[in-house]
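Step one of this worksheet: look at the structure below.
The values are calculated or read from the model by the stated rules, or taken from the named source; none is laboratory data. What you see is a predicted model, and the numbers here were worked out from it, not measured in a lab. Note that each Cβ is placed from the backbone with ideal geometry, even for glycine, and that neighbours are counted across all protein chains shown. The area values use the complete protein model at the heavy-atom level, side chains included, leaving out ligands, DNA and RNA. Shrake-Rupley method; radii C 1.70, N 1.55, O 1.52, S 1.80 Å.
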Amino acid sequence: MSTAYKNRIQEFKSALGEENINLTTLRELSFSGIPHEEGIRSLCWKILLNYLPVDQTLWESFLKKQRDVYSQFLREMIIQPGIAKANLGLSRADVTLEDHPLNPNPDSRWNTYFKDNEILLQIDKDVRRLYPDMAFFQRPTEYPCQLILDPQNDYETLRRRVEQTTLKAQTVNRNRSGVTNVSSPGKALNLYPSNEYEVLPNGSEAHWEVVERILFIYAKLNPGIAYVQGMNEIVGPIYYTFATDPSSQWKEHAEADTFFCFTNLMSENRDNFIKSLDDSQCGITCKMESVYSMLKEKDLELHLKLEEQNIKPQYFTFRWLTLLLSQEFLLPDVIRIWDTLFSDKDRFHFLLLVCCAMLILIRDNLLSGDFTTNMRLLQDYPISDVHTILTKAKELQENC
């Protein structure tokens, strides 16, 4: 570790050591990247994502309250429905007089259960594929949720629910465009194909199962948006950062802390995931067009070339913007980009600058390429040095 890096760590420790943290100082430091050592990045993200208050004297009581709230979410949205499912239909009276699986009433407990299953199956499918090149998400967490895994509990867990639903029902998938695909139940019998993670024995749970639970609870608490494919790519890096914190004191509560930080981030980004808002002023279409408007201002020649080739921003910026570039780079590089994004007060405007910088940095290739070559470049971005990209984005910001 170089002297300069040691000094940088010391600067962060000094800033985080203040009883009342100076947010401006922390943002300035974080913009150039946050050290992972000593849990610095994990702590900074919690502050920058407006989870932890800047007044450290409030942390202990605040964290206890938030983690208690999350435990209550687990009880209300996973444990109690699991118990209710186990009890549903146990007596003839329950089936005939109160509720049954074919009850058309939208308030029926069975109706809610089946709707939740549709969401759960999509989440399950997506989280199993989270960063498949890394072993982390398939490994067991050191801190499995005891509320869920208590052997005294006799109820349907999310794991069991997915297994039973996959075996008994057709698998329903819904993509970002709202298209629903129903596959044959026969194909679903192979629960864990070779490219997906196997479930660990009872008493253990993999990190991807924790991510699944976070997303399921978010979907239950936010029925207007529920779960949309791609949210897993946003929660993944946050959970990874918190679950690899060197301090067991923080790592033990990675699930609850991730849930609240993800919720805060989604409160700023959720319009990108709501299809009905796509063409509104706050929707994703407007943001994609903003990248081209910015490019037109910064590099007219390149903008005209893309327009001439009819390469529309939605062909590539949709993924860049909605997933915060999490699919374009390796996880360590995504985390480095997010250090800078989270540190900027107007983080989603800076994301537009990063996208614009990515285009300008490959301008020579784009100017000389044809439609097919350029689409390949934009779909599989060739530059892996994120420092170069962020430096260019900062330069564009200063020249605004």
Can you tell me which residue within segment 68-80, out of those that are of a type outside the set (A, V, I, L, M, F, W, C) and open to solvent by less than 40 Å² (accessible area, probe 1.4 Å), is modelled with the highest pLDDT?
Tyr70
Looking only at segment 1-15, which residues are open to solvent by 70 Å² or more (accessible area, probe 1.4 Å) and among the aromatic types (Phe, Trp, Tyr)?
Tyr5
Do any residues in segment 283-308 that are more than 19 Å from Asn365 (Cβ to Cβ) have Cβ atoms under 7 Å from those of residues that are open to solvent by 90 Å² or more (accessible area, probe 1.4 Å) and outside any helix (DSSP H, G or I), where the two are at least six apart or on different chains, and which pairs are they?
Thr285/Asp279
Of the numbered conditions (1) part of a helix (DSSP H, G or I); (2) open to solvent by 40 Å² or more (accessible area, probe 1.4 Å); (3) among the polar types (S, T, N, Q), Asn50 satisfies every one except a single condition; which is it?
(1)
Within segment 358-385, how many residues are in contact (Cβ under 8 Å) with a residue 24 or more places away in the chain, assigned to a helix (DSSP H, G or I) and open to solvent by 10 Å² or more (accessible area, probe 1.4 Å)?
7
Can you pull out the residues in segment 16-42 that are open to solvent by 50 Å² or more (accessible area, probe 1.4 Å) and among the polar types (S, T, N, Q)?
Asn20, Asn22, Thr24, Thr25, Ser32
Could you give me the residue pairs with C-beta distances under 8 Å whose first residue belongs to segment 54-83 and is under 23 Å from Arg27 (Cα atoms), whose second residue is open to solvent by 40 Å² or more (accessible area, probe 1.4 Å) and assigned to a helix (DSSP H, G or I) wherever it lies, and which are 6+ apart or on separate chains?
Val54/Leu23
Can you pull out the residues in segment 225-262 that are open to solvent by 10 Å² or more (accessible area, probe 1.4 Å), in a helix (DSSP H, G or I) and polar (S, T, N, Q)?
Ser248, Gln249
Residues of segment 331-349 being at pLDDT below 95 and either assigned to a loop (DSSP other than H, G, I, E, B) or buried (at least 23 other Cβ atoms within 10 Å of the Cβ) (or both), which ones?
Asp344, Lys345, Asp346
Select from segment 126-155 the residues that are polar (S, T, N, Q) and outside any helix (DSSP H, G or I) and write down the one among them that is modelled with the highest pLDDT.
Thr141
Residues (of a type outside the set (A, V, I, L, M, F, W, C), within 22 Å of the chain's Cα centre (by Cα) and part of a helix (DSSP H, G or I)) located in segment 304-327
Gln314, Tyr315, Thr317, Arg319, Thr322
